[in-house]
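The values are calculated or read from the model by the stated rules, or taken from the named source; none is laboratory data. As the structure is a computational prediction, the values presented were derived from the model and not from experiment. All Cβ positions, glycine included, derive from the backbone under ideal geometry; neighbour counts span all protein chains shown. Each accessible area value is taken on the protein alone, full model and side chains, heavy atoms only, with ligands, DNA and RNA left out. Shrake-Rupley method; radii C 1.70, N 1.55, O 1.52, S 1.80 Å.
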Amino acid sequence: MLKQKETTREIIILRGNGECEETSDSKSSQLGKGRTKSFHPPIESHWLLHPSEETIPPPSLPKPGIKSMLNYPSKIRNSLKKLGRRKGLRIVLEGVPDTKYEKLVDSFRELLVAEAHLMERQTDYHTLLRFLRMRDFDLSKAKDTFVKYLKWREEYGVDAILKEFKFKEYGEVKKCYPHGYHGVDRNGRPIYIERVGMVDLNSLVQATTVDRFVRYHVSEQEKTLNLRFPACSIAAKRHIASITSILDVKGVGMSNFSKTARCLFMEIQKIDSNYYPEILNRLFIINAGNGFKMLWKALMAFLDARTLAKIHVLGYDYLSKLLEVIDQSNLPSFLGGNCTCSDYDGCLFSDRGPWKNPEILEMLESASMMEEMYDSEANSDAASEEAMGTTQNGDCGDDGEHDQKTEAAGNTEAQKIHDLQVALMDTNKEIQALKTSLDSTKTVLERLERHIKALGGGSLSS
């Protein structure tokens, strides 16, 4: 398998004969005029993996019967933690942060917590790092941007979209706007493809609205962050956090950039730039004729310099460039690859990738279930400790007034004991819930153990 050298790139426009157009320093400076962002390496570079440690197979887990495990809830919880947080799986899903950037992320998190901006679900390292990179690791600017992001999520109802939004016109939209995820590149990143030249705007506006399409786009971005990246990480045995995109612009010119097209493009670009930063690793624009090159000059005004540096605008002789980063088996036949996805009415309908692998999905589901169990257990422990602390603090009083307040103190102590009993009952309920979950996940855990051993036995490369 070819290994790609991860470097930042200038914008290159290739003619059909493969010759480069003008890319002088002066022209590059014009593209970036007024935009002074630094150029960062691919986001995966901020995680360091240690393959030498991962070549050692993980120790075998004991296999006690399910009944005996249920009799020892503390013991089984520890076993689950070892299983769910096995070093190999944790590294491919989360990566090992570079110490320098980890400190910056920790400082960023502390700043957000101190100003009461941080919500629990946004505390993960990955999200905070993206916003730091977006603002060149300027904590103040990153904070302002992140706060706007949280406000947008709440006002736009992102969580409600994930739970309630149904894009029933999906099939019709795909026919008049061919797009979708298909396979992975040579580094394991998901590939996103659009055939812009085949977009039928008249049919698109009849099939859906700009607002509904944008909501669908947001749901896909969330799916990429929460499902596609973790699944690709497991398949590649390395942390994956960005995508490779291909835009086929054959036949596209100024006439395609209608008012509706401009509205849709600008709305999606605003959302992606402001709320889903640092997801794009590289973008190939292929079949770029003279008409598109005129349009491209107008489009560049909407893109910042760092995004422009990730874009390769190619002519009609593009295949060799794509094959440098994508295996032919992962490239649809209409782009010169071998894949047809005949069982799915074509490649862009298939959503083909590791995120469709049942075994990988089972691993992710099991990991999610165990995280929920750990969080529930931690919450119960915290409640018990708080109740205990309240009881202990109530033991101290003013001896001089003790006789006068005996009855009142007795009532207070009785209430505290009652509160403690309630907390203990809640803890017992959590244990019972754990037992129920264990019954339902017995077979899943056995399969998960085998996959984790396989991950641990391989070499994890960055």
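Some observations on this one:
- Trp296 accessible area, 1.4 Å probe, all protein chains in place, Å² to nearest 10: 10
- Per-residue SASA remark: Arg238, around 20 Å² accessible (1.4 Å probe; ligands, DNA and RNA not included).
- Highest mean first, the peptides 285-292, 129-136 sorted by other C-beta atoms within 10 Å per residue fall in the order 129-136, 285-292.
- When you restrict to C-alpha pairs under 8 Å that are six or more residues apart and normalise by the size of the range 208-296, the relative contact order lands at 41 percent.
- Hull volume in cubic angstrom per residue (convex hull over the Cα atoms of the range 208-364): 140
- Using the Karplus relation 6.51 cos²θ - 1.76 cosθ + 1.60 with θ = phi - 60°, the per-residue 3J(HN,Hα) values for the range 285-301 come to 9, 10, 6, 7, x, 5, x, 5, 4, 5, 5, 4, 4, 6, 5, 4, 5 Hz, with x marking Gly and Pro.
- Distant-in-sequence amide contacts of Cys339, defined by a placed amide H-H separation under 5 Å and a gap of 5 or more residues or a different chain, comprise Leu331, Ser333.
- Solvent-accessible surface ranking, highest first, for Lys103, Lys168, Lys223 at 1.4 angstrom: Lys168, Lys103, Lys223
- Accessible heavy-atom area order of Leu139, Leu112, highest first, probe of 1.4 Å: Leu139, Leu112
- The H on the amide N of Asp327, modeled in the peptide plane, is under 5 Å from the matching H of Arg186, each at least 5 residues off or on a different chain.
- Between amide H atoms placed 1.01 Å from N, distances below 5 Å from Leu280 occur with Ile243, all of them 5 or more places distant or on a separate chain.
- In whole percents, the pair-distance distribution calculated for the range 265-308 from its alpha-carbon pairs, binned every 10 Å from zero, is 22, 54, 23, 1.
- Applying the Karplus relation 6.51 cos²θ - 1.76 cosθ + 1.60 with θ = phi - 60° to the range 232-239 yields 3J(HN,Hα) values of 5, 5, 5, 5, 8, 6, 7, 6 Hz, where x marks Gly and Pro.
- Working from label points 7 Å from Cα in the Cα-to-Cβ sense, the Asp136 to Asp343 distance is 5.0 nm.
- Remark: the range 210-219, residue by residue, has Karplus-estimated 3J(HN,Hα) of 4, 4, 5, 5, 5, 5, 4, 4, 4, 5 Hz, where x stands for each Gly or Pro and the curve is 6.51 cos²θ - 1.76 cosθ + 1.60 at θ = phi - 60°.
- Per-residue SASA remark: Leu322, around 0 Å² accessible (1.4 Å probe; ligands, DNA and RNA not included).
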